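Reviewing the structure listed below.
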Amino acid sequence: MAIPLVLVLLPLGLLFLLSGLVVNTVQAVLFLTIRPFSKRLYRQINVFLAELLWLQLIWLVDWWAGIKVQVYADPATWKLMGKEHALLISNHRSDIDWLVGWILAQRSGCLGSAIAIMKKSSKFLPVIGWSMWFAEYLFLERSWAKDEKTLKSGLQRLKDFPRSFWLALFVEGTRFTPAKLLAAQEYAVSQGLTAPRNVLIPRTKGFVSAGQSSVVHVRIKRHSMGDMPNSDEDVSKWCKDIFVAKDALLDKHIATGTFDEEIIPIGRPVKSLMVVLSWSCFLLYGAHRFLQWTQLLSTWKGVILFASGLAMVTAVMHVFIMFSQAERSSSAKAARDRVKKD
């Protein structure tokens with residue numbers, strides 16, 4: 001690993017992991033002591049705790065990386081963002097799509113109550129996966145025999161959520177890569193479907209049940225649940241038609257660099273910056289007191305132990321990065337292997 005990358009990962013990793021462990025500990029205590037008696041109160045507190053963690057990642061995009069998110073939507077749709085329950089159906093173009101979703105949720109005032117349907121392995125990730133589990137994310141195994149029950153019970157559980165929430169669903173089932181696109185095109189031809197150019201074929205079973213540049217362009221369109229078809233077959237067709245329309249829309253965007261809707265200014269919030277500064281001060285003070293109390297750095301054994309801890313933090317952050325990369329996912333490897341065989 002290059003030295004400059006280590007210098008970036010180490011301080012950011014320490015900040016995120018240590019603050020995350022604090023949040024996870026509080027979440028675990030609340031889960032055991034408050035949730036059995038008041039699920040509503042537990043959820044309300046957990047919304048606040050989740051924001052304390054997720055805002056650090058918002059800061060990473062807004063302030064550290066300086067990535068600008070440009071939103072295209074009609075004013076009526078934007079006015080309702082965060083004020084009603086919503087099922088978000090997004091195509092999965094990049095490794096930071098989930099972060100862009102959190103940015104939109106934060107700007108809409110529902111970051112702590114933004115939930116997603118994730119692959120099961122995600123919940124075992126230290127800090128971020130654990131926090132997602134406490135926040136009632138739904139985790140699937142990509143096996144419909146098992147996932148149908150998980151989806152139905154999870155959605156039933158969310159019926160009494162105390163505030164407006166978003167449920168994000170990537171119906172393509174995986175992130176967009178050239179190898180996956182080729183596999184999706186081959187599948188479309190075999191099934192008599194329109195071959196995609198910029199999206200993948202949506203996996204509609206989960207949808208039916210659920211009812212990297214410096215500028216990221218996001219186009220938002222609202223569909224009322226009252227306008228949805230009634231039968232599973234019609235909903236499945238509607239979902240596929242939506243992705244055919246998305247594909248054509250992306251063709252147009254690639255050619256023109258814009259969408260038809262007006263640009264909604266979303267700014268860059270100070271809240272995420274204040275949260276990061278607050279966590280930094282709190283953890284620096286705590287670390288200073290801990291080192292004074294233990295005198296850890298006064299012996300060679302302590303120095304080695306401390307250095308090993310820093311190396312472990314760097315390794316964990318590197319694992320996080322690898323986990324989020326589309327080309328390292330199991331489905332990406334399967335698609336590449338298929339292309340090689342052909």
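The values are calculated or read from the model by the stated rules, or taken from the named source; none is laboratory data. Fair warning: this is a prediction, and the values are worked out from it, not measured in the lab. All Cβ positions, glycine included, derive from the backbone under ideal geometry; neighbour counts span all protein chains shown.
Quick look at the numbers
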item	result
Matching residues, the stretch 247-270, being out of contact with any strand residue (DSSP E or B) (no Cβ under 9 Å at 6 or more places or on another chain), under 24 Å from residue 105 (Cβ atoms) and either modelled with pLDDT under 85 or not in a loop (DSSP other than H, G, I, E, B) (or both)	250
Residues of the stretch 95-149 classified as among the charged types (D, E, K, R) and closer than 27 Å to residue 83 by Cβ, total	3
Residue, farthest from residue 45 (Cα to Cα), within the stretch 117-145, restricted to residues that are in a loop (DSSP other than H, G, I, E, B) and not acidic (Asp, Glu)	143
Qualifying residue in the stretch 61-71 (condition: at pLDDT 90 or above and buried (at least 21 other Cβ atoms within 10 Å of the Cβ))	yes
Those residues of the stretch 297-319 which are touching a helix residue (DSSP H, G or I) at 6+ places or on another chain (Cβ under 7 Å) and farther than 22 Å from residue 20 by Cβ, in sequence order	297, 302, 303
The stretch 271-299, subset farther than 21 Å from residue 10 by Cα and assigned to a helix (DSSP H, G or I), residue modelled with the lowest pLDDT	298
Residue check, residue 270 within 30 Å of residue 70 (Cα to Cα), under 30 Å from the mean Cα position of the chain (by Cα) and surrounded by 15 or more Cβ atoms within 10 Å (Cβ to Cβ)	no
Failed item in (1) touching a strand residue (DSSP E or B) at 6+ places or on another chain (Cβ under 8 Å); (2) more than 20 Å from residue 316 (Cα to Cα), with residue 96 passing the rest	(2)
